[in-house]
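Undergrad: Following this message is one structure expressed as structure tokens.
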Amino acid sequence: MSDTITSSDTLDHHEPHAKGLGRWLFTTNHKDIGTLYLIFSFVMLFIGGGMAFVIRAELFQPGLQFIQPEFFNQMTTMHGLIMVFGVVMPAFVGLANWMVPLMIGAPDMALPRMNNWSFWIMPFAFTMLLSSLFMDGGGPNFGWTFYAPLSTTYAPPSTTFFIFGVHLMGLSSIMGAINIITTVLNMRAPGMTLMKMPMFVWTWLITAFLLIAVMPVLAGCVTMMLMDIHFGTSFFNAAGGGDPVMFQHVFWFFGHPEVYIMILPAFGVVSQIIPAFARKKLFGYHSMVYATASIAILSFIVWAHHMFTVGLPAAAELFFMYSTMLIAVPTGVKVFNWVSTMFKGSMTFEAPMLFSVAFVVLFTIGGLSGLMLSIAPADFQYHDTYFVVAHFHYVLVPGAIFGIIAATYFWIPKWSGYMYNEGLAKVHFWLSFIGLNLTFFPMHFLGLAGMPRRIPDYALQFADFNMITSLGAFLFGTTQLLFLYIVIQCARGKGEPAPQKPWEGAEGLEWTVPSPAPLHTFEQPPKVD
């Protein structure tokens, strides 16, 4: 990509900053809304992470230790829902709000009032979801995949609140996606063609189309649940002529693209960071764009690989097995391009680069275990074991969470105007890296040995690996307090003032504005050659 900037207007003369609570309640500024999303995600990270602590404390040794199995089920369900819908997705929307207008030379998002609304729906949705824990019968206890009839016939009364919460989250996501698509397609700086856009913008544009395609499917799924629970229908009730397996088809038609909704923006983040710290152009930019689009398209035709054990016809198993393996091709292209970008680069290893390199290595491990799960006969052995838990945590924690952390370290000088503490950030990286692998790598062995997932107790032969896993989880979770401290220090201005372009090899319009970025940027659109 060539983006020689010939002019930019970065004056902050538009209007004074609003003060107090009103600024945050009524703001239509993309930077303020981005900050709100990131703070919300951070808060939810510690709530969802606290639930993971409860789970791992219970599993530290065999036998029931602290909580009853019913509450354990609620914790596993809420942990999954909060991490997916409350942490990863809002964090990436926050990054998009902050960075997409800056990267394409736009003054703001195209639909700023809708932007405000799409954020402020989220706290209501999650308050409703979390309040269900205190209702009669407890919170949702059927797993984050909320399979029927566990989530219909046998569900607690609070499931209705869960359904409305999911509706609100989906509404927020769709509005955010519409905003991003409209902004990217209509408000790019003169000269910035689609194939000159930064990879982060490309990955978010494709993610936004995925969101608009699959969120209505999720809404339809939970609406059918609502009908079955309250209005006497039998969409998923075999006794009334319905089919519980249909629930799985509908859910996973949403659920598998959802996995890529959580990972594609991280691909974009890493594609910005690795060239900056390798001091080279991104290798194979065009192939990266096509690979991202290919992954998104393929994600619509692989949903039933989550359902090999429900009794699919052999032809269907073969189709979904081979189509799933096909995703490894564009994903392999991306990994090859990242490695090629680093090859013979003048690399330095500041915190954003460390998290990005770890992303490439650990995400590849998660991808390889995904390939193992895609083999239908093998999947019958791994299904519902801790091997699956290890696989998707290796994809989503180093993938999405490390991507978000890398993005924070990369762009926080631009957000706050101050450099973070590099020494503490490296300590944060190494403790996170060790904690993550201690937590999730032993789960592969637990799964291969046959330990089922979603159980509060287990047989004695699984004790040692579970103890290591719990210790790793405590280390990983506690380490994020250090991340919080580093971010707060930047926000309070406790650090070296950040220059306009703190990273030598970084390119793009966002580095042409001062640090911190003024409230209003690009009132006159820059030109990109």
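The values are calculated or read from the model by the stated rules, or taken from the named source; none is laboratory data. Since the structure is predicted, the reported quantities are computational estimates derived from the model, not experimental observations. Quick reminder, even Gly has a Cβ in these numbers, built from the backbone with ideal geometry, and neighbours come from all protein chains shown. Just so you know, the surface numbers come from the protein's heavy atoms only, side chains and all, with ligands and any DNA or RNA stripped out. Shrake-Rupley method; radii C 1.70, N 1.55, O 1.52, S 1.80 Å.
Undergrad: For the full complex of protein chains and a 1.4 angstrom probe, list I404, I33 by accessible area with the highest value first.
TA: Accessible-area ranking of I404, I33, largest first: I404, I33.
Undergrad: Convex hull over the Cα atoms of segment 443-529, averaged projected area in nm²?
TA: The Cα convex hull of segment 443-529, projected and averaged over all directions, gives 11.3 nm².
Undergrad: On the first, second and third principal axes, largest extent first, how far apart are the outermost C-alpha atoms of segment 187-285 in Å?
TA: Sorted largest first, the three principal extents are 63, 28, 18 Å.
Undergrad: With a Förster radius of 35 Å, plug the Cβ-Cβ distance of Q68 and F46 into 1/(1 + (r/R0)^6) and report the FRET value to the nearest 0.05.
TA: With R0 = 35 Å, the Cβ-Cβ based efficiency is 0.90.
Undergrad: Within the chain, which is the longest segment containing none of the chymotrypsin sites (Phe, Trp or Tyr not before Pro) that sit in a DSSP loop and have at most 13 other Cβ atoms within 10 Å?
TA: On the way: sites that count: F66, Y154, F231, F343, F349.
Here the longest run is 350-529.
Undergrad: Would you mind computing Rg(Cα) / (2.2 N^0.38 Å) for segment 10-126, counting N as its residues?
TA: Ratio of Cα Rg to 2.2 N^0.38 Å: 1.40.
Undergrad: So if I restrict to the alpha-carbon atoms in segment 233-290, what is the Rg, and what is Dmax, the biggest pairwise distance, in Å?
TA: 20.5, 63
Undergrad: I've got another one for you. At 4 °C and a viscosity of 1.567 mPa s, what translational diffusion coefficient does Stokes-Einstein give for segment 33-95, taking Rh as the Kirkwood radius over Cα pairs? Give it in µm²/s as a whole number.
TA: 105
Undergrad: Kindly provide the pair-distance distribution of segment 92-162 built from C-alpha pairs, with 5 Å bins from 0 and whole-percent values in order of increasing distance.
TA: 3, 14, 17, 15, 10, 10, 11, 10, 7, 3, 0
Undergrad: How large is the convex hull of the Cα atoms of the chain per residue, expressed in Å³ as a whole number?
TA: 143
Undergrad: Can you give the log10 of the normalised intensity I(q)/I(0) at q = 0.12, 0.17, 0.20 Å⁻¹, computed with Debye over equal Cα scatterers of segment 382-529?
TA: The calculated log intensity ratios at q = 0.12, 0.17, 0.20 Å⁻¹ are -0.65, -0.93, -1.14.
Undergrad: Please go through the residue pairs K19/K196; K334/K414; K414/K527; K281/K527 and name each one whose alpha carbons sit more than 32 Å apart in this structure.
TA: Among K19/K196; K334/K414; K414/K527; K281/K527, the Cα-Cα distance tops 32 Å for K19/K196.
Undergrad: If T439, T233 are ordered by their accessible area, calculated over protein heavy atoms with a 1.4 Å probe, which sequence runs from highest to lowest?
TA: Working: T439 5, T233 40 Å².
So the residues, ranked largest to smallest area, are T233, T439.
Undergrad: Work out the FRET efficiency for T223 and T182 from their Cβ-Cβ distance, taking R0 = 22 Å, and round it to the nearest 0.05.
TA: That pair, T223 with T182, gives E of 0.25.
Undergrad: Using only the Cα atoms of segment 244-398, build the gyration tensor, take square roots of its eigenvalues as a ≥ b ≥ c, and label the shape rounded, prolate or oblate: rounded if a/c is under 1.5, else prolate if a/b is larger than b/c, else oblate.
TA: Prolate, because a/c is 1.5 or more and a/b exceeds b/c.
Undergrad: At H230 and A449, where each label point lies 7 Å from the Cα along Cα→Cβ, what is the point-to-point distance in nanometres?
TA: Simple spin-label model gives 4.6 nm for this pair.
Undergrad: Quick check: the angle from helix 159-186's long axis to the longest principal axis of the chain, C-alpha only, nearest 10 degrees?
TA: With rounding to tens, the tilt is 30 degrees.
Undergrad: Carbon and sulfur atoms: what percent of the 1.4 Å accessible area of the chain do they account for?
TA: Of the solvent-accessible surface of the chain, carbon and sulfur hold 70 percent.
Undergrad: Test of understanding: what is the full-extension gain from M135 to I434, defined as 0.36 nm times their sequence separation minus their Cα-Cα distance?
TA: Contour length minus Cα-Cα distance gives 103.8 nm.
Undergrad: Whole-Hz ³J(HN,Hα) for each residue in segment 440-445, computed from phi via Karplus 6.51 cos²θ - 1.76 cosθ + 1.60 with θ = phi - 60°, x for glycine and proline: what do you get?
TA: Here the 3J(HN,Hα) series is 9, 5, x, 5, 4, 5 Hz.
Undergrad: In nm, to one decimal, how far is the D457 label point from the F164 one, both placed 7 Å along Cα→Cβ?
TA: 3.7
Undergrad: Classify segment 60-187 from the C-alpha gyration tensor, please: rounded if a/c falls under 1.5, else prolate or oblate depending on whether a/b exceeds b/c. If you can, show how the numbers build up before the last one.
TA: Details: a/c = 3.26, a/b = 2.32, b/c = 1.41.
Prolate, since a/c reaches 1.5 and a/b exceeds b/c.
Undergrad: Moving to a separate point now. Calculate, for the chain, the solvent-accessible area per residue in square angstrom, rolling a 1.4 angstrom probe over the heavy atoms of the protein chains.
TA: Dividing the accessible area of the chain by its residue count gives 38 Å².
Undergrad: Gap in Å between the Cα centre of segment 111-134 and the Cα centre of segment 150-204?
TA: Cα centres, segment 150-204 to segment 111-134: 13 Å.
Undergrad: Under 12 Å between alpha carbons, and skipping anything fewer than 8 positions from K426 in its own chain: which aspartates and glutamates qualify?
TA: E350
Undergrad: What does the helix-only formula give at 222 nm for the chain: each DSSP H stretch with n ≥ 4 adding -39500 (n - 2.57), the total divided by the residues, and the result rounded to the nearest 500 deg cm²/dmol?
TA: Value at 222 nm, helices only: -22000 deg cm²/dmol.
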